[in-house]
Amino acid sequence: METAGSLAVEARGVSTVRQVPAARADLALAHFAGKAAFETDCADVHAAFASGKVDFVLLDVRGPDAYRKGHIAGAISIPRRTISEEACNGATKAAAELARLGRPVKEMIGGITGWLDEGSGLVQGR
């Protein structure tokens, strides 16, 4: 949706993408390189399961009904609400809670949606 502000920016020759300048290369490198310590790609998780080199535990932190309807083969169901008493709706908060408990943790970028977008399937049941 165009607004008066976005039209004014475009009229000056700067896109809305560049309203906030990109970070310096050294800052971008530190940021993106650091993300790998906190996130993993769905394709990498799939490749690990396919190769049998699974040196991690894949948790599905959705509720039991969602897990039964479809989950990644090899994932263990531990609903987020059982990790702590707080209500939650996502993997990011579950990862934070596991880190608070002293566990090393990574979040799979895209979650179940990303997994399906990569063309990987789900299994049903427990």
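Quick rundown of the values:
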| item | result |
| --- | --- |
| In segment 57-79, the residues that are in contact (Cβ under 8 Å) with a residue 40 or more places away in the chain and in a loop (DSSP other than H, G, I, E, B) | Leu58, Arg62, Gly70, Ile72, Ala73 |
| Given (1) at pLDDT 90 or above; (2) under 17 Å from the mean Cα position of the chain (by Cα), index of the condition Gly70 fails | (2) |
| Residues (at pLDDT 85 or above and exposed (fewer than 13 other Cβ atoms within 10 Å of the Cβ)) located in segment 75-103 | Ile76, Ala99, Arg100, Leu101, Gly102, Arg103 |
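The values are calculated or read from the model by the stated rules, or taken from the named source; none is laboratory data. Please read these numbers as outputs of a predicted model, since none were measured by experiment. All Cβ positions, even for glycine, are placed from backbone atoms using ideal geometry, and neighbour counts span all protein chains on display.
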